[in-house]
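Just below is one structure, and these are the notes that go with it.
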Amino acid sequence: MGAVTAMLVYSEDDAKVVLPGHPVPDREATRAMARRLHPYGALDEIGDGNLLENVNPPDGRMYVGCFPGLTVICAPEAAVDQPSQLPPSLLEPAGNATVYLHAMHSAVDWFAYAMWERGTLVRSLSLAPEYGILEETGDALMFEKPYWSGDRAPLRPGPFPFHPLDLGEEALRAMFGITYEGKPFDGDPDLKEITLLGFEYEDSL
């Protein structure tokens, strides 16, 4: 169970409204954003990807899409144990947009997410059964509350009153209106039809 994700979203408009329309990326804006994220060294375009198959790219690659009111960035640097330590180079290009981080890995049942408003971190959570809570900042958002209250108890007992990957899928639904391993809803976007441009680089972002 569970996908592996490493993604950031800069949101001026609601992703739950934008993504179901299968928006087409602005290629020039996307290339410019990729260069802002990686201002030094070689940056090579490697062809198109999509939000289904390239949500967790390997080191040295990123997939980016600039859509009207929304920018999606999939990059390994987003998969940080402590979201508060996300490199500033990944936050600054967002300007005043709301920034969402989503990262999870099914091999260790780890999930992390965060939200920044106008550059200020308002919520972060990172947790895994083996390591406990790695970071928690701010108040729980509404979609979390049934999980902390015990209303989403896991099948197997663990250190939390829920399975972290279940909360990870709920976060995808609440923030972006998408799912990877959860139950799809009518009107959900086909993630394979959401194009992202791929880039390869040598240095960290």
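One table, with the values for the structure above:
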{"read-out": "Ranked order, Glu77, Glu28, Glu45 - accessible area, probe 1.4 Å, largest first", "value": "Glu28, Glu45, Glu77"}
{"read-out": "Largest to smallest accessible area among Val80, Val9 [probe 1.4 Å]", "value": "Val80, Val9"}
{"read-out": "Net +/- balance of residues flanking Ile46 in space, Cβ distance below 15 Å, scoring K and R +1, D and E -1", "value": "-3"}
{"read-out": "Neighbour-limited loop hits for GluC sites (Glu not before Pro), the range 89-155 (at most 14 other Cβ within 10 Å; DSSP other than H, G, I, E, B)", "value": "Glu130"}
{"read-out": "Within the chain, longest stretch free of exposed chymotrypsin sites (Phe, Trp or Tyr not before Pro) [DSSP loop, at most 15 other beta carbons within 10 Å]", "value": "41-130"}
{"read-out": "Taking N as its residue count, the alpha carbon Rg of the chain over 2.2 N^0.38 Å", "value": "0.98"}
{"read-out": "In degrees, nearest ten, helix 27-37 long axis to first principal axis of the chain (Cα)", "value": "70 degrees"}
{"read-out": "Accessible area of Lys192 in the full protein assembly, 1.4 Å probe (Å², nearest 10)", "value": "100 Å²"}
{"read-out": "Among Asp14, Asp81, Asp186: highest mean-square fluctuation, GNM of the chain, C-alpha pairs under 10 Å", "value": "Asp186"}
{"read-out": "Cβ-Cβ FRET estimate between Gln82 and Ala153, R0 fixed at 22 Å, reported to 0.05", "value": "0.25"}
{"read-out": "Residue of Gly65, Gly95, Gly49 that the Gaussian network model of the chain assigns the largest fluctuation, springs spanning Cα pairs under 10 Å", "value": "Gly95"}
{"read-out": "Which of Glu12, Glu200 is most accessible, then next, and so on - probe 1.4 Å", "value": "Glu12, Glu200"}
{"read-out": "FRET efficiency, 1/(1 + (r/R0)^6) with R0 35 Å, evaluated for Glu130 and Asp14 via beta carbons", "value": "0.50"}
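The values are calculated or read from the model by the stated rules, or taken from the named source; none is laboratory data. The structure displayed is predicted, hence computed values, not measured ones. Please note: Cβ atoms are built from the backbone with ideal geometry, for glycine as well, and neighbour counts cover all protein chains shown. Please note that ligands, DNA and RNA were not included when accessible areas were found on the heavy atoms of the full protein model with its side chains. Shrake-Rupley method; radii C 1.70, N 1.55, O 1.52, S 1.80 Å.
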